[in-house]
Amino acid sequence: MNKTQLIEAIASETGVSRGEAKKGLEAFVGIVSSTLCEGDKITLPGFGTFIVERKQARMGRDPRNGAPIKISAKNVVKFRPGLELS
């Protein structure tokens, strides 16, 4: 399902216009993004939890020539499904 299909599904399920569904979805994505950027987690009971984890810097290999390269530390978003999705 892509974004357009999701907007149409939200609109038909809730009975609102596609424009209102798009605003709602974009607001949700914006709030989730800003909350995760602040390092907080988001828990949606019955669905799951979005968390930010820090990946440490490490050494890797360049796939083209096998030379060692340094991979920087970074934050990654992980999703842990709730019991109803498992």
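The values are calculated or read from the model by the stated rules, or taken from the named source; none is laboratory data. The model shown is predicted, which means the values in this text are computed figures rather than measured ones. Positions of Cβ are generated from backbone atoms using ideal geometry, with glycine treated the same way; all protein chains shown enter the neighbour counts. Surface areas here come from the heavy atoms of the whole protein model, side chains and all, with no ligands, DNA or RNA. Shrake-Rupley method; radii C 1.70, N 1.55, O 1.52, S 1.80 Å.
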From the cross-link list Lys22/Lys55; Lys3/Lys74; Lys23/Lys78; Lys41/Lys70, the entries with a Cα-Cα span beyond 31 Å are Lys22/Lys55
Computed on Cα atoms only, the convex hull of the chain has an orientation-averaged projected area in nm² of 8.4
How many percent of the accessible area of the chain is carbon or sulfur, using a 1.4 Å probe?
-> 55
May I ask for the angle, rounded to the nearest 10°, between helix 18-37 and the longest principal axis of the chain, with both axes built from Cα atoms and the value confined to 0 to 90°?
-> 30
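If you place +1 on the Cβ of every Lys and Arg and -1 on the Cβ of every Asp and Glu, how big does the dipole about the Cα centre of the chain come out, in debye to the nearest 20? Numbers along the way, then the final one.
Numbers: 14 positive and 9 negative charges, 135 e Å.
That gives the chain a dipole magnitude of about 640 debye.
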